[in-house]
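**Student:** This is the structure, below, for whatever I ask next.
Every number here is computed from the coordinates shown, using simple stated rules; none is lab data. Only a predicted model underlies this, so the values are computations on that prediction, with no experimental measurement involved. Cβ: placed from backbone, ideal geometry, glycine included. Neighbour counts: every protein chain shown.
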Amino acid sequence: MLNIIICGAPGCGKGTQSDLIVKKYSLTHLSTGDLLRKEIAMKSDLGIIADSYISKGELVPDAMIIDILLKYVENQHDDSNGIILDGFPRTVAQAEALEVMLKQLDKEISVLVDLKVTEDELIDRLLIRGKTSGRSDDNMETIKKRLDVYHKLTEPVNDFYKSRNSYTPIDGMGTIDEIFGRISEVIDSKR
Ligand code: AP5
Ligand code: MG
């Protein structure tokens with residue numbers, strides 16, 4: 001089994017690279033951001049609550065996200081080679097909850113890939129995407145807030161995985177193919 005966490009600041013390329021990794025290694029892609037946006041599009045109760053956080057660039061409460069993840073994992077019966085978690089865990093509390101959950105399933109994280117991208121490039125990518133994405137959080141004010149929240153609440157998750165020897169920083173600058181090449185090298189070394 002190959003269980004991967006892909007993380008990094010907003011706009012670093014988590015979703016783009018996950019799509020390529022899923023195809024090459026036959027994994028299941030779980031993006032908590034995508035799951036929440038589906039709920040928002042369906043205008044479900046959960047979606048309405050989630051939107052009030054996402055559009056402000058704030059994190060959705062841990063308990064809500066952990067609940068979504070538990071439900072997803074319980075209903076997931078496929079024959080993929082493992083899972084790629086994109087945008088989760090985003091707080092130390094989420095990382096701790098994930099560890100408990102994996103232990104119960106007798107699974108573990110193979111590697112955490114942290115995509116490193118300069119702040120100027122992150123902002124450029126998100127503003128370009130914002131012209132067509134329709135995402136309520138792809139505007140300058142909310143991007144700044146997302147970056148702030150990332151530094152305060154999500155970066156500390158890296159230390160959690162450093163202490164478990166699964167943390168791998170990767171240069172996230174360059175073309176999509178160049179970055180995918182770097183990630184593939186790391187994944188291949190873990191198989
Ligand atoms: P989430 O959906 O996870 O968004 P994010 O972390 O802000 O990151 P993005 O999806 O914007 O960027 P990405 O890293 O996937 O980059 P992408 O590949 O798209 O979360 C959104 C919100 O949901 C959060 O703020 C929070 O409110 C909530 N949420 C989600 N998970 C949560 C959790 N676990 N706990 C609590 N709340 C949670 O690329 C970005 C753009 O750049 C694209 O247009 C792409 O085409 C382009 N691009 C990609 N690579 C390159 C490249 N190499 N060169 C040039 N352009 C590139
Ligand atoms: Mg994404």
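**Student:** Enumerate the calculated ³J(HN,Hα) couplings along segment 180-188 in order (Karplus 6.51 cos²θ - 1.76 cosθ + 1.60, θ = phi - 60°), each rounded to whole Hz, writing x wherever the residue is Gly or Pro.
**Tutor:** 4, x, 5, 5, 4, 4, 5, 4, 4
**Student:** Could I ask something else about it? Thinking of segment 24-102 as a set of Cα atoms, what percent of all their pairs are more than 20 Å apart?
**Tutor:** 34
**Student:** If you put +1 on each Lys and Arg Cβ and -1 on each Asp and Glu Cβ, how big is the dipole of segment 2-189 around its Cα centre, in Debye rounded to 20?
**Tutor:** Once rounded to the nearest 20, the dipole reads 280 debye.
**Student:** May I pose another question? Can you give the helix-only mean residue ellipticity at 222 nm for the chain, where every DSSP H stretch with n ≥ 4 adds -39500 (n - 2.57) and the sum goes over all residues, rounded to the nearest 500 deg cm²/dmol?
**Tutor:** Here the helix-only value at 222 nm equals -17500 deg cm²/dmol.
**Student:** log10 I(q)/I(0), Debye, Cα-only the chain, no solvent, q = 0.12 Å⁻¹?
**Tutor:** With one equal scatterer per Cα and no solvent, log10 I(q)/I(0) is -0.57.
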